[in-house]
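S.K.: This is the structure I want to talk about, given as structure tokens.
The values are calculated or read from the model by the stated rules, or taken from the named source; none is laboratory data. Since we're looking at a predicted model, the values are computed, not measured. In this analysis, Cβ positions are derived from the backbone assuming ideal geometry, glycine residues included, and neighbour counts consider all displayed protein chains.
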Amino acid sequence: MILEFVVPEQDTIVSLATNAGESAIGVIRISGNLCIKLCKDIFKTPYPTPRKSILKDYVSLNGNFIDQVLFVYFANEKSYTGEEIIEIAFHGNPLIANQILNDLLKRNCRLANPGEYTKRAFLNGKIDLSQAESVAQIISAKSEVEIEIANNHLVGNFSKILQDIQSKLINLQARFEASIDFPEDEISSQNSDEITNIISPIIISINDLVQSGKISKSLSDGIKVSLIGPPNVGKSSIFNKLLHEKRALVDSKSGTTRDYISKEIVVNGYNVEFFDTAGIRKTENQIEALGVEKTFEILIKSKIILLVLDSSLPFPTSFFERIKEKIKSHDVIIIGNKSDLKKVLCQNLLPKHFSYVECSAIEQNCSEIITNEVEALLNHKFVDDYTTRIIVNKRQQNHLKHALKSIEEVRRLVNDSLNEEIILQELKISIGEINSIIGIKDNEDMLTELFKNFCIGK
Ligand SMILES: Nc1nc2c(ncn2[C@@H]2O[C@H](COP(=O)(O)OP(=O)(O)OP(=O)(O)O)[C@@H](O)[C@H]2O)c(=O)[nH]1
Ligand SMILES: [Mg+2]
């Protein structure tokens, strides 16, 4: 492990921890070694019991009563930042917040920078860097699944995997160093098999983590799910049912929808953007033809396609001919709509590898039937494969990719029984990359870049 020497942060920082605006209660948080003095000077409580709310008048330095507040003191060994903390809950008026903040600045505190509390928690060894990042992810998450994943990182499940990889790599490093220092311990071909057996599972687990990075963007941006099908099959009717509002125009004439429309909704924790599109058919109408072109643009961008068919009509052969190449690499759910009418559609003609559900857009349970299918597919696609629910962000993914490259190189060099010094060099690169995810404390530029995206007060 790399030994770090960290200079403790000296300033006592202060900021509003809640939103700046009218609210029932506002909270100001102070972190640093002035806290005990502030308890004594402001609240006449020189020995506050940690983690206990105390009701006091907040009286400013120049003797003015500002507000009746509740304050809580946290001792440094049991606080978020690893320093002494005071949280002051006041009546949620922005004017009161300003008065208290100004008074604290006069008492030698300074305003906190974005993410500075979490940065201090990291520097004081309360959390590692990947956990610090998960704090920001929890706050900015757009879907419940993201919150669940970020919480999983915060409790250290991701860190545990990294530490496990790290300790295996460090053991290997020690072996190679020994064999360089004591050539009689040279890595034999028998040893080389053993080393390959250690490295291969590491490669698999890093590769899994790298792959998980691909989905973090989809989860935060919203997952595009489009309703595609021939005209008049009920795409717009289903779209309205999914949204629980009459958003799209519905008509018995074919070719009603021209421009696509979309709306984001939360489907069982996932942030999903549904698209209603123009029905696909050959048409002389120029506007409708342009609409069909747009449908194909949306189709390409979609993660999931809800292929809507009218189950009361025969299998639409020419429609399938036209789209089969285009949907080949997509996740598709075929929806046999209009199940309230007599079924004519021959299910045997449908591609077997897509799932198929029937529903009726004029019945109540339509939305539930479809969202259950979508959720099952999303769970399978995004979460089930990552049973540990660990999904890496872009920064972590980059370090993992570099680590992977070096470890694969180590495996190749070991198999070819090449020079141990070169192997050791590659091994050290991979250890350095893993270290950068957990966090090296002396890289100020990297820390500044990472914490600047946090909100103030966190
Ligand atoms: N019986 C029955 N009629 C339906 C159902 N879903 C839609 N319809 C009717 O089918 C017609 C077409 O519905 P739309 O939702 O406009 O179909 P669409 O696929 O969006 O059509 P285009 O925009 O023209 O491509 C309307 O008259 C709807 O009322 C259903 O489940 N059962
Ligand atoms: Mg329509």
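S.K.: Can you name the condition, by its number, that SER79 falls short on among (1) free of Cβ contacts under 8 Å to residues at least 12 places away in the same chain; (2) closer than 24 Å to PRO50 by Cα?
M.R.: Of the numbered conditions (1) free of Cβ contacts under 8 Å to residues at least 12 places away in the same chain; (2) closer than 24 Å to PRO50 by Cα, the odd one out for SER79 is (1).
S.K.: Which pairs have Cβ atoms under 7 Å, sit 6 or more apart or on different chains, and link a residue in segment 225-236 that is under 19 Å from ALA376 (Cβ atoms) to one that is within 9 Å of ligand 2 (Cβ to nearest atom)?
M.R.: From segment 225-236, the pairs are SER226/THR277; LEU227/LYS235; LEU227/PHE239; LEU227/ASP276; LEU227/THR277.
S.K.: Here is a further query. Tell me, which strands (runs of 3 or more DSSP E) lie completely within segment 250-343 with 1 or more residues that are closer than 20 Å to ILE215 by Cα and of a type in the set (Ser, Thr, Tyr)?
M.R.: Per the criteria, 270-276.
S.K.: Would you check which residues across segment 298-312 are without any contact (Cβ under 8 Å) to a residue 60 or more places away in the chain and over 15 Å from GLU273 (Cα atoms) and list them?
M.R.: Of everything in segment 298-312, those that are without any contact (Cβ under 8 Å) to a residue 60 or more places away in the chain and over 15 Å from GLU273 (Cα atoms) turn out to be SER311, SER312.
S.K.: Consider segment 30-51. How many of its residues are touching a strand residue (DSSP E or B) at 6+ places or on another chain (Cβ under 7 Å) and either at positive phi or loosely packed, with under 14 Cβ neighbours inside 10 Å (or both)?
M.R.: The total comes to 2.
S.K.: Could I ask something else about it? For segment 10-46, what are the residues that are acidic (Asp, Glu) and either in a strand (DSSP E or B) or closer than 14 Å to TYR117 by Cα (or both)?
M.R.: Let us first name the residues in segment 10-46 that are acidic (Asp, Glu), namely 11, 22, 41.
Within segment 10-46, ASP11 is the sole residue that qualifies.
S.K.: Here's a follow-up. Is segment 356-366 home to any residue that is under 19 Å from LEU299 (Cα atoms) and more than 16 Å from ligand 2 (Cβ to nearest atom)?
M.R.: Yes - at least one qualifying residue is present in segment 356-366.
Yes or no, residue by residue, for (1) among the polar types (S, T, N, Q); (2) in a helix (DSSP H, G or I); (3) over 10 Å from the mean Cα position of the chain (by Cα):
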residue	(1), (2), (3)
SER130	yes, yes, yes
SER134	yes, yes, no
GLN137	yes, yes, no
SER159	yes, yes, yes
LEU162	no, yes, yes
SER167	yes, yes, yes
GLN173	yes, yes, yes
ALA178	no, yes, yes
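S.K.: Could you identify the single residue in ILE223, ILE287 that is at pLDDT below 95 and either within 29 Å of the chain's Cα centre (by Cα) or within 11 Å of ligand 1 (Cβ to nearest atom) (or both)?
M.R.: Working: ILE287 fails: either within 29 Å of the chain's Cα centre (by Cα) or within 11 Å of ligand 1 (Cβ to nearest atom) (or both).
It is ILE223.
S.K.: Please verify whether segment 136-148 includes one or more residues that are in contact (Cβ under 8 Å) with a residue 40 or more places away in the chain and closer than 19 Å to SER31 by Cβ.
M.R.: There is at least one residue in segment 136-148 that is in contact (Cβ under 8 Å) with a residue 40 or more places away in the chain and closer than 19 Å to SER31 by Cβ.
S.K.: To continue, here is another question. For PHE274, state whether it is under 17 Å from ILE370 (Cβ atoms) and away from ligand 2 (no atom under 11 Å from the Cβ).
M.R.: Yes; evaluated as a whole, the condition is true for this residue.
S.K.: Now for a separate question. Conditions first: (1) of a type in the set (Gly, Ala, Ser); (2) more than 12 Å from ligand 1 (Cβ to nearest atom); (3) more than 27 Å from the chain's Cα centre (by Cα). GLY234 passes all but one, so which condition is the exception?
M.R.: Here GLY234 meets the rest and fails (2).
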